[in-house]
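Notes follow once the structure below has been shown.
The values are calculated or read from the model by the stated rules, or taken from the named source; none is laboratory data. None of the values given here were measured: they were computed from a predicted structure. Cβ placement follows ideal geometry from the backbone for every residue including glycine, while neighbour counts extend to all protein chains displayed.
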Amino acid sequence: MLDKIKTYLTDKNRIINTSEGEFTLCNSSELHEFNPEIYSYELDDDNEYFTPKSEDPNDYHGTYLGRALNLIKASEHYDPEGILLYLPDINKIGAWDSSHYQINVFNDVSFETLSSNIEDYIVMQWGQRDFVNLLEIFEPWKHWEFIPSEKKEQAAN
């Protein structure tokens, strides 16, 4: 899929207009890896209390760090990093929800389908489209390293 992504992005920055504003896709030479952080816990409905993710086998005091390629260079209203990304570990396209520290992947969507409706997929994480059921929450414990909070704190010092 990565070769198809690079071919689609070519050497030009494409500007995509959506209901969430203007987005500029990276060109093929601007693709860059970043490490989205995913917490092993989630916020409650009031965004106040942390609870363990029910399927996560690790305790809820830690994070997962993994690899992703950012496909968006600029955004009119949002931090562009992770709005649309490629996850090489599972060979899927997704979107990083940086306010909830989770990644939503587009399930059973070919790159040809995505590229023909890219503006819809860019805004899908905000629930703007009827086919939001194509999103599935990425389960990092199946693919990425878990870093307990105490090890992360030690590494920071």
field: Criterion violated by Glu119 - all others in (1) within 15 Å of Lys92 (Cα to Cα); (2) surrounded by 15 or more Cβ atoms within 10 Å (Cβ to Cβ); (3) at pLDDT 85 or above; (4) out of contact with any Asp or Glu (no Cβ under 8 Å at 6 or more places or on another chain) satisfied
entry: (1)
field: One residue from Asn58, Asn70, Asn47 being of a type outside the set (D, E, K, R), at pLDDT 85 or above and under 23 Å from Phe138 (Cα atoms)
entry: Asn70
- request: Out of the residues in the stretch 5-24 that are of a type in the set (Val, Ile, Thr) and in a strand (DSSP E or B), state the one that is modelled with the highest pLDDT.
  value: Thr24
- request: Pull up the stretch 122-157, narrow it to residues that are aliphatic (A, V, I, L, M) and modelled with pLDDT of 85 or more, then point me to the one that is surrounded by the most Cβ atoms within 10 Å (Cβ to Cβ).
  value: Ile122
statement: Matching residues in the stretch 74-110 (surrounded by fewer than 19 Cβ atoms within 10 Å (Cβ to Cβ), more than 20 Å from Lys142 (Cα to Cα) and not polar (S, T, N, Q)) number 8
statement: For the stretch 25-38, pairs from a residue that is part of a strand (DSSP E or B) to a residue that is acidic (Asp, Glu) and surrounded by 15 or more Cβ atoms within 10 Å (Cβ to Cβ), with Cβ under 8 Å and 6 or more apart or across chains, are Phe34/Glu81
